[in-house]
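**Q** Sharing a structure with you now.
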Amino acid sequence: MADENDNDRIDDNQKPEKMFTLKKWNAVAMWSWDVECDTCAICRVQVMDACLRCQAESKKDSYGKQDCVVVWGECNHSFHYCCMSLWVKQNNRCPLCQQEWSIQRMGK
């Protein structure tokens, strides 16, 4: 019986044969804004995309992507800055919750 246990062990000098070798690895990642609703309630376009106004004017940043900044209010609702800047000229309240509009942060 001692012989059976000896056969199951691998010697320290003997390495197990590799099942495969990893030659190339392509990692893919996705990101999105940390928002409850990913659609601008004013223009109905996703906040990750340029708003309708920026698309029409073809505003582009240094990387060739359309440049459209996202703005968050104190209520944590997010909109395109272009959309919200026009909105607050008429009504200084959040379009979703009607809380008085105050910018919490801005980002791309």
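We did not get these values from a lab; they are worked out from the coordinates using the rules stated. Just so we're clear, the structure is a prediction, and the values are computed from it rather than from any experiment. Counting neighbours? That spans all protein chains shown, and the Cβs are built from the backbone with ideal geometry, glycine included.
**Q** Roughly speaking, what is the stretch gain from Cys75 to Met48, that is 0.36 nm per residue apart minus the C-alpha to C-alpha distance, in nm to one decimal?
**A** Gain in length upon complete extension: 7.8 nm.
**Q** Quick one: if you stick a label point 7 Å off each Cα along the C-beta vector at Asn26 and Glu57, how many nm between them?
**A** Output for this residue pair reads 3.7 nm.
**Q** Tell me the relative contact order for the range 39-107 as a rounded percent, counting alpha carbon contacts under 8 Å between residues six or more apart.
**A** Numbers: 101 pairs, mean separation 21.4, N = 69.
RCO, the range 39-107: 31 percent.
**Q** Ranked by Cβ crowding within 10 angstrom, fewest neighbours first, how are Met48, Met19 ordered?
**A** Details: Met48 13, Met19 5.
Going from least to most buried by this count: Met19, Met48.
**Q** Something else now. Please state, rounded to one decimal and in Å, the Kirkwood hydrodynamic radius that the range 39-107 gives when every pair of distinct Cα atoms enters the mean of 1/r.
**A** Value: 12.2 Å, from the Cα pair sum.
**Q** Skipping prolines and chain starts, which residues have an amide H placed within reach, meaning under 5 Å, of the one on Gln46, given they are 5 or more residues away or on another chain?
**A** Residues meeting the criterion, in which the H sits 1.01 Å from N, are Cys40.
**Q** Using the basic label-point model (7 angstrom from Cα toward the beta carbon), what is the Cys97 to Lys18 distance in nanometres?
**A** Simple spin-label model gives 5.5 nm for this pair.
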